[in-house]
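Student: Please find one structure pasted underneath; my questions will follow.
Each value in this text was obtained by applying a stated rule to the coordinates, not by laboratory testing. Quantities reported herein were computed from a predicted structural model and do not represent experimental measurements. As a convention, Cβ positions derive from the backbone with ideal geometry for all residues, glycine included, and neighbour counts pool all protein chains shown.
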């Protein structure tokens, strides 16, 4: 049975506190930029400072009022913002993901069009077309993206793969074959590292499985409710391959987060893991060396290699108190120089075409930039970029249950019920609009 999570008491208390304090932010008469975002961790916070410094240099008379709210993917921030927006005390700008999550703010009339910035900065020419698609609703743009994370990386232990003469897998079948080899040769090594305490890493692993078995068209149709899940052979095949992976997963994955198992993978206690490029930043900060302790490859590469994209976006809230500062902030985000400097620190890549691949000091992000410019870009399902956020909560529960009790027919029934309950097809019509 699908259950809806309730808003916890601590969130209600925090929301009330924020709403009580928020008017103070607007008390001063001086020009301000009141901003909310979720980039609070070490590297993220440093990256945000890069943007702040660039903005302040161009707008020295505007004071930035920074309101970071911790919580990966902005789950906590979204709760805070919805209360503020409903109470008509919007900040001057805030962070959102593009796509389905951004659409929720558009549908609530909480954000205004940014077409003026889009045209002035010639973003139709300087951004990939799919970026425009992920920010366009009702014929207008509602967000300014500045960076992209790639969600489909296969990280692997370099020394282990060299010792066993294993090539990085290019399909899920090759991944299973490599896992079998690791398990037979190194019984004490978990072939596939995964931590599902936060559930969403299970979606990363399923997504590459679906891409490998069905390709990007099936992937997009699945997450926008365009397939009959119970009868689509590609979905059943993906679940079967997902089931085939289970014997090779780290046994105690439910007790660990993705960050808990990244280090053991680099140390050779685990063989490989599917995760986003943000894992590279954690590994480097922990002292593990790319090409020595770990390496990474886009995955899968067959039947078609894609860039599975997560895009961060900033918006123009309806009724923002300092609209000129908002426009200046959004314009600053489109600057290729700012994007390049920010993304080096953030561990993502710039989306402006003028930023060269050689901007990035590491092999992984140079490859990501090349792939972004040369391969098909597919919106990721993660955090409500492609699928509506309501479905993702149910979907994560379904997948993590499947890891412990892999009944394909039951899973298909659960997916079908969740998609109907969460109105995935109705909610995703925007993606197919011309």
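Student: Each label point is 7 Å from the Cα along the Cα-to-Cβ direction; what then is the distance between the points at residue 432 and residue 357, in nm?
Tutor: Computed distance between label sites residue 432 and residue 357 equals 3.5 nm.
Student: For region 74-226, what does the convex hull of the Cα positions come to per residue, in cubic angstrom?
Tutor: With only Cα atoms used, region 74-226 gives 167 Å³ per residue.
Student: In degrees from 0 to 90, rounded to the nearest 10, what is the angle of the helix 389-404 Cα long axis to the longest principal axis of the chain?
Tutor: In the chain, helix 389-404 runs at an angle near 20 degrees to the longest axis.
Student: Could you work out how much longer the chain between residue 30 and residue 255 gets when fully extended? Use 0.36 nm per residue separation minus the Cα distance between them, nm to one decimal.
Tutor: Difference between extended and current length: 76.1 nm.
Student: Kirkwood hydrodynamic radius of region 88-144 from all distinct Cα pairs, in Å?
Tutor: 11.7
Student: Let me ask something else about it. In nm, to one decimal, how far is the residue 375 label point from the residue 124 one, both placed 7 Å along Cα→Cβ?
Tutor: Distance between label points: 2.9 nm.
Student: What is the spread of the Cα atoms of region 49-102 along each of their three principal axes, largest first, in whole Å?
Tutor: 32, 24, 21
Student: Let's test this: bin the Cα-Cα distances of region 332-434 at 10 Å from zero up to the farthest pair and state each bin's percent.
Tutor: Values per bin, smallest distances first: 13, 29, 24, 25, 9, 0.
Student: Next question, about the same structure. What whole number of Å gives the distance from the Cα centroid of region 105-142 to the Cα centroid of region 224-303?
Tutor: Cα centroid to Cα centroid, the span is 32 Å.
Student: Can you order the peptides 305-316, 55-66, 357-368, 332-343 by their average number of other Cβ atoms within 10 Å per residue, highest first?
Tutor: With the highest mean Cβ count within 10 Å placed first, the list reads 305-316, 332-343, 357-368, 55-66.
Student: To the nearest 10 degrees, how steeply does helix 201-223 sit against the main Cα axis of the chain, on a 0 to 90 scale?
Tutor: Once rounded, the angle reads 80 degrees.
Student: Can you work out D for region 237-303 in µm² s⁻¹ from Stokes-Einstein, where Rh is the Kirkwood radius over C-alpha pairs, the temperature is 37 °C and the viscosity is 0.692 mPa s?
Tutor: 247
Student: From largest to smallest, what semi-axes in whole angstrom does region 305-349 give when each is the square root of 5 times an eigenvalue of its alpha carbon gyration tensor?
Tutor: The three semi-axes for region 305-349 are 25, 14, 8 Å.
Student: Translational D (Stokes-Einstein, µm²/s) of region 270-382 at 20 °C and 1.002 mPa s when Rh comes from the Kirkwood sum over C-alpha pairs?
Tutor: Result for D is 134 µm²/s.
Student: Okay, moving on. Based on the Cβ-Cβ distance of residue 88 and residue 115, what FRET efficiency does E = 1/(1 + (r/R0)^6) give at R0 = 22 Å, to the nearest 0.05?
Tutor: 0.40
Student: Give the angle, between 0 and 90 degrees and rounded to the nearest 10, that separates the Cα long axis of helix 336-346 from the longest principal axis of the Cα atoms of the chain.
Tutor: 50
Student: Kindly state, to the nearest 0.05, the FRET efficiency for residue 66 paired with residue 417, given R0 = 45 Å and r defined as their beta-carbon distance.
Tutor: E(calc), rounded to 0.05, equals 0.60.
Student: Could you work out [θ]222 nm for the chain from helices alone, using -39500 (n - 2.57) per DSSP H run of at least four and dividing by all its residues? Round to the nearest 500 deg cm²/dmol.
Tutor: -14500 deg cm²/dmol
Student: Run through all the Cα pairs of the chain and give the fraction in each 10 Å bin from 0, expressed as whole percent.
Tutor: The distribution over the chain is 4, 21, 32, 26, 13, 3, 0, given as percents.
Student: If every alpha-carbon in region 21-130 counts as one equal scatterer, what log10 I(q)/I(0) does Debye give at q = 0.19 1/Å?
Tutor: For the requested q values the scattering log ratios are -1.29.
Student: Still on this structure, I have one more. For a quick protection proxy, order the peptides 378-387, 182-191 by their average other-Cβ count within 10 Å, most packed first.
Tutor: The packing order, highest mean first, is 378-387, 182-191.
Student: Region 206-278: percent of C-alpha pairs farther apart than 22 Å?
Tutor: For region 206-278, the fraction of Cα-Cα distances above 22 Å is 37 percent.
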